[in-house]
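Here's the structure, in structure tokens; my notes come after.
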Ligand SMILES: CC(C)(COP(=O)(O)OP(=O)(O)OC[C@H]1O[C@@H](n2cnc3c(N)ncnc32)[C@H](O)[C@@H]1OP(=O)(O)O)[C@@H](O)C(=O)NCCC(=O)NCCS
């Protein structure tokens, strides 16, 4: 196991920082960004090696992003992501952490490949 890659995540703690991306946002994304005052993080991808799944590594990766979001200035108020509408295992993983389904985006990936938008509200960030 030494030196092996157990998993990885690509995420943006301050998703709206790059304004050149704004025209690329879908309508549900725009609504989320507005709802959380542009203080929102995004998970682009996350994966754990199949031999290391269900050992808590995915949760550790998400928790590291939550910590980064709460230390960001200004703090992120929420984290969101897209998940393929047939990836039920990933949806169970996100729901266990506290993410909730926000909206359905038809043909998000390709024709006949749809996405759900999931969002995690960072309650403690809202207390500041
Ligand atoms: C989704 C993924 C990152 C989860 O990583 P992980 O390290 O296995 O997840 P964890 O061990 O932290 O799981 C935490 C909880 O999530 C839920 N969960 C995770 N994988 C699950 C699965 N396959 N089926 C049902 N529930 C699952 C469980 O409640 C689990 O707790 P438990 O093991 O005590 O029951 C991993 O399955 C993966 O890499 N999948 C393939 C890539 C992918 O689909 N990425 C998401 C793209 S949007």
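The values are calculated or read from the model by the stated rules, or taken from the named source; none is laboratory data. Remember, predicted model here, so these are calculated numbers, not experimental data. A quick note on method: Cβ atoms are made from the backbone with ideal geometry, for glycine too, and the neighbour counts reach across all protein chains shown.
Within the stretch 103-120, track down each residue that is without any contact (Cβ under 8 Å) to a residue 12 or more places away in the chain and either out of contact with any strand residue (DSSP E or B) (no Cβ under 8 Å at 6 or more places or on another chain) or near the ligand (Cβ under 9 Å from one of its atoms) (or both). Explain how you work it out, then say what you get.
Our first condition is that a residue be without any contact (Cβ under 8 Å) to a residue 12 or more places away in the chain; within the stretch 103-120, this holds for 106-107, 110-112.
Result: 110, 111, 112.
Tell me yes or no: at least one residue of the stretch 76-86 is touching a helix residue (DSSP H, G or I) at 6+ places or on another chain (Cβ under 9 Å), crowded, with 17+ Cβ neighbours inside 10 Å, at negative phi and at pLDDT below 95. Scanning the stretch 76-86 turns up at least one residue that is touching a helix residue (DSSP H, G or I) at 6+ places or on another chain (Cβ under 9 Å), crowded, with 17+ Cβ neighbours inside 10 Å, at negative phi and at pLDDT below 95. Within the stretch 19-28, is even one residue touching a strand residue (DSSP E or B) at 6+ places or on another chain (Cβ under 6 Å) and closer than 19 Å to residue 121 by Cβ? For the stretch 19-28, residues touching a strand residue (DSSP E or B) at 6+ places or on another chain (Cβ under 6 Å) and closer than 19 Å to residue 121 by Cβ: present. Can you pull out the residues in the stretch 12-59 that are closer than 22 Å to residue 89 by Cβ and touching a residue at least 60 places away in the same chain (Cβ under 8 Å)? Passing the criteria: none in range.
Give me a count of the residues in the stretch 91-114 that are more than 18 Å from residue 28 (Cβ to Cβ) and surrounded by 17 or more Cβ atoms within 10 Å (Cβ to Cβ). Number satisfying all stated conditions: 1. In this structure, residue 78 does not satisfy being touching a strand residue (DSSP E or B) at 6+ places or on another chain (Cβ under 8 Å) and under 20 Å from residue 109 (Cα atoms).
Name the one entry in 62, 33, 40 that is modelled with pLDDT of 95 or more and touching a strand residue (DSSP E or B) at 6+ places or on another chain (Cβ under 8 Å).
On the way: 33 fails: modelled with pLDDT of 95 or more; 40 fails: modelled with pLDDT of 95 or more.
Just one listed residue meets the conditions, 62.
Do we find a residue being more than 15 Å from the chain's Cα centre (by Cα) and away from the ligand (no atom under 13 Å from the Cβ) anywhere in the stretch 80-102? No, the stretch 80-102 contains no residue that is more than 15 Å from the chain's Cα centre (by Cα) and away from the ligand (no atom under 13 Å from the Cβ).
Yes or no: the stretch 39-48 includes at least one residue that is more than 16 Å from the ligand (Cβ to nearest atom) and surrounded by 14 or more Cβ atoms within 10 Å (Cβ to Cβ). For the stretch 39-48, residues more than 16 Å from the ligand (Cβ to nearest atom) and surrounded by 14 or more Cβ atoms within 10 Å (Cβ to Cβ): present.
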